[in-house]
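Worksheet: the structure to be examined is printed underneath.
Derivation of every value follows stated rules applied to the coordinates shown; laboratory data play no part. Worth saying up front: this structure is predicted, and the values here are computed from it rather than measured. FYI the Cβ positions are ideal-geometry reconstructions off the backbone, even for glycines, and counts take in every protein chain you see.
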Amino acid sequence: MAPIVLYSGPLSMFGAKAEIALREKDVPFELVMVPFAKGDRYDPVHPEVLRINPKKQVPVLAHGDLEIFDSTLIFEYLEDVFPEPPLWPKGAAPRAEARLLELKSDEIVFMNIVRLFGLEDTPEHPTAVDAVAKAYRHYAQMEARLSDRDYLAGAFSYADIALFMAQFYGERKGAVMNETTPRLLDWRARVLARPAVRTVIGRMGAWLTSEGRGSPAYIADAIAARR
Ligand SMILES: N[C@@H](CCC(=O)N[C@@H](CS)C(=O)NCC(=O)O)C(=O)O
C-alpha cells in the first residue's frame, strides 16, 4: 500500500479527528506535526500544507498521489478505502443523520466554542454567554439521543469523534459539560476509553502540560498513561 501521511498539529482538533479515525481503522500512517506558534495559530505553515491546502490548514492527508484536506473529507475517503471497521452506520437515512451530527459538531458546537477564544477570563461577556448557551443546547439534544444508545448514531462513528473533539475544546474554553447531561458525561468516558481516542487526547494533554497550559481534569488518566 502507498504510504499515508497525515499533517496535523499538536492542538489541532480537526487533525485529531482524522488521526483518531486512522487509529480506529488500524491503518498505518506517518504523522507529521506542523510547527505550532504561540497561542492557537500555526506559523510558519508547513510547506506541504501550503502546497496542498489553499486554506493553509491542517489536517492534510496524502496517500500516494492523492492529496486531500478537511477532516470530514478525510473521513469519507478513509471509509471508502478502509471500510472495516465501519465508522458510518448502514443505510442511507441513518448515515445521513450521522453525517449531519458530525457536521453540527464542527459547524455549530465548535464554531460557538471558537467564539469563546479570548473570552476565557470573562465568562459573563454577552458573546461568551450566547456561545455557551448554544453549545449547551446541542449538548441537551445529544443527551436526549443517548437515552436509548451508547453512541450518538448507534455504534461508535465519526459523529462521536467529531463531538468528542469539539467538547474537548469546549471544556478548555468555558463550555464545560456538567451533571445536567449525565448520559453525555458517560458517553464521553466511553469514547475516551477507546485506545485510539486515549492515545490522541493523551498526547494533546501532555503537549498542553509541556507548554505550561492546563488541560481538562477528565483526561488526566490518558496523560498519565503515556508516561
Ligand atoms: N474544516 C476544516 C477546518 C480545519 C482547521 O480549522 N484547521 C485548523 C487547525 S485545527 C488550522 O489549520 N488553523 C490554522 C489556520 O486557519 O490558519 C477541517 O475539518 O479540517
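In summary, the convex hull built on the alpha carbon positions of region 1-136 has an orientation-averaged projected area of 9.6 nm². Specify whether the C-alpha gyration tensor of region 117-227 places it in the rounded, prolate or oblate class, a ≥ b ≥ c being the square roots of the eigenvalues: rounded for a/c under 1.5, otherwise prolate if a/b is larger than b/c and oblate if not. Oblate, since a/c reaches 1.5 and b/c is not below a/b. Reducing region 102-176 and region 1-32 to their Cα centroids gives an inter-centroid distance of 23 Å. Under the combined filter of DSSP loop state and at most 11 neighbouring Cβ atoms within 10 Å, region 118-217 retains these trypsin sites (Lys or Arg not before Pro): Arg213. When the P(r) of region 4-81 is calculated, the portion above 17 Å amounts to 37% of the C-alpha pairs. Kirkwood hydrodynamic radius of the chain, from the reciprocal of the average inverse Cα-Cα distance over all distinct pairs: 18.0 Å.
For the residues Leu146, Leu119, Leu184, a GNM of the chain with alpha-carbon springs under 10 Å puts the largest fluctuation on Leu119. Listed cross-link partners Lys25/Lys55; Lys17/Lys90; Lys90/Lys134; Lys134/Lys173 are compared with a 24 Å cut-off, the Cα-Cα value being larger for Lys25/Lys55; Lys90/Lys134.
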